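Chemist: There's a structure below that I have some questions on.
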Amino acid sequence: MLTRVCLAIALAAAVCAPAAAQVTSESSVPRISVADLKKALDAGQVTVIDVRDAESYANGHIPGAIMIPLGDLEAKAGSLKQSKKPLVAYCG
């Protein structure tokens, strides 16, 4: 489950700051390792967003992750902006 933290903090930045949404290359997308994500989760330092569909989420997800399908992310941007913690999104 934690093998691909694909969008990481860059996705959250793109949602919360539209200017940041213009990522020019995959190498410019900030990433977080699984080990660092686990540490941050254990310390309550991040909000995790699962951007997969409801069926995938129901089949298994990171405990505490909020399900917001990728297609709904823009509509939920307002509520995500209120988060005081860094946002980490994953898709697999």
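Chemist: Check whether at least one residue in region 64-77 is at pLDDT below 90 and either polar (S, T, N, Q) or part of a helix (DSSP H, G or I) (or both), and report yes or no.
Modeler: Looking through region 64-77, at least one residue is at pLDDT below 90 and either polar (S, T, N, Q) or part of a helix (DSSP H, G or I) (or both).
Chemist: Return yes or no: is ARG52 charged (D, E, K, R), at pLDDT 90 or above and outside any helix (DSSP H, G or I)?
Modeler: Details: charged (D, E, K, R): yes; at pLDDT 90 or above: yes; outside any helix (DSSP H, G or I): yes.
Considered against the rule, which asks whether it is charged (D, E, K, R), at pLDDT 90 or above and outside any helix (DSSP H, G or I), ARG52 comes out as yes.
Chemist: Okay, next question. Please specify each residue of region 31-89 satisfying the condition of being under 11 Å from the mean Cα position of the chain (by Cα), of a type in the set (Lys, Arg) and surrounded by fewer than 17 Cβ atoms within 10 Å (Cβ to Cβ).
Modeler: Scanning region 31-89 gives a single hit, ARG31.
The values are calculated or read from the model by the stated rules, or taken from the named source; none is laboratory data. Source: prediction; values computed, not measured. Here Cβ is always computed from backbone atoms with ideal geometry, including for glycine, and neighbour counts include all displayed protein chains.
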